[in-house]
Amino acid sequence: IVRLADCYYVTKVYPDALSFYRKAFTSNSPDKDYAHLQAGTVLSIQRKYSESAVELDLVIRNYPQSRFLDEAMFQRAQIDFEQGNYTASVAGFSRLVNTMKSSRFLPYAFVRRAASYYNLKDYNKTASDYATVVEQFPTHPLTSEVMLPLQEALNLAGRPGDFDNYLNQFKKSN
């Protein structure tokens, strides 16, 4: 059932994909966590954010050992970010950063959390998260994209002189 749902998802036939993902988690499929994650993704694409949040929260709450937990956490925080709920998105991205230390979503979570802090006008925390990307993920493709916002955040935080250190670190690694 899940594979059929995935086929509909890939071909962007979202109503059918959602229907089969829902069948998967009502039929006691061993892939229930994945089905809820994908249902949340489809609902988000359809701009049904509250329904999407429910599905993603189910993964986070009911499947703490899921290999999709970090993705569910990221997508859930991303919904808050996209809806302008920056305080909630900071909490969501922080939960991911603090609990999933080896997640492939970490650099993205730091960048999104930094953007949330920026929107909340907390420029020191903005700069700190962008700096973390430069320091912990120096060769990640996102790192080059954070240099300009890092410089802006440091300027707004009254610490323009700190930028040279991060720039030199970036240049050494790349």
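Some notes on this structure:
- Residue within region 61-83 that is of a type outside the set (Ser, Thr, Tyr), in a helix (DSSP H, G or I) and more than 25 Å from Pro107 (Cβ to Cβ) present: yes
- Restricting region 1-37 to residues that are among the polar types (S, T, N, Q) and farther than 23 Å from Arg61 by Cβ leaves a set whose member that is least open to solvent (accessible area, probe 1.4 Å) is Ser19.
- Answer from Ser144, Ser128, Ser116 - the residue that is closer than 21 Å to Val97 by Cα, open to solvent by less than 30 Å² (accessible area, probe 1.4 Å) and touching a Phe, Trp or Tyr at 6+ places or on another chain (Cβ under 9 Å): Ser116
- Pairs where the first residue, in region 80-106, is within 11 Å of Asn119 (Cβ to Cβ) and without any contact (Cβ under 8 Å) to a residue 40 or more places away in the chain and the second is assigned to a loop (DSSP other than H, G, I, E, B) and open to solvent by less than 90 Å² (accessible area, probe 1.4 Å), C-beta under 7 Å, 6+ apart: Tyr86/Leu120; Thr87/Leu120
- Region 123-174: number of residues that are within 19 Å of Pro107 (Cα to Cα), out of contact with any Pro (no Cβ under 9 Å at 6 or more places or on another chain) and not in a helix (DSSP H, G or I): 2
- Within region 88-113, considering residues that are among the aromatic types (Phe, Trp, Tyr) and under 14 Å from Ala72 (Cα atoms), the one most open to solvent (accessible area, probe 1.4 Å): Tyr108
- Within region 70-79, the set of residues being open to solvent by less than 30 Å² (accessible area, probe 1.4 Å) and more than 12 Å from Arg112 (Cα to Cα) comprises Asp70, Ala72, Met73.
- Residues of region 6-53 classified as acidic (Asp, Glu) and over 18 Å from Ala72 (Cβ atoms), total: 1
- Screening Arg67 with (1) surrounded by 15 or more Cβ atoms within 10 Å (Cβ to Cβ); (2) within 23 Å of Val2 (Cβ to Cβ); (3) at pLDDT 95 or above gives one miss only, at (1).
- First in region 112-128 and of a type in the set (Phe, Trp, Tyr), second anywhere and outside any helix (DSSP H, G or I), Cβ under 9 Å, 6 or more apart: Tyr123/Ala157; Tyr123/Gly158; Tyr123/Arg159
- Reported count of residues in region 1-46, each being under 15 Å from Phe68 (Cβ atoms) and either in contact (Cβ under 8 Å) with a residue 60 or more places away in the chain or part of a helix (DSSP H, G or I) (or both), is 19.
- Test: Lys121 is farther than 30 Å from Phe68 by Cα, open to solvent by 60 Å² or more (accessible area, probe 1.4 Å), at pLDDT 95 or above and not small (Gly, Ala, Ser): yes
The values are calculated or read from the model by the stated rules, or taken from the named source; none is laboratory data. It should be emphasised that the depicted structure is a prediction, and the values quoted were computed from it without experimental measurement. Please note: Cβ atoms are built from the backbone with ideal geometry, for glycine as well, and neighbour counts cover all protein chains shown. Calculation scope for accessible area: heavy atoms of the full protein, side chains included, ligands and nucleic acids excluded. Shrake-Rupley method; radii C 1.70, N 1.55, O 1.52, S 1.80 Å.
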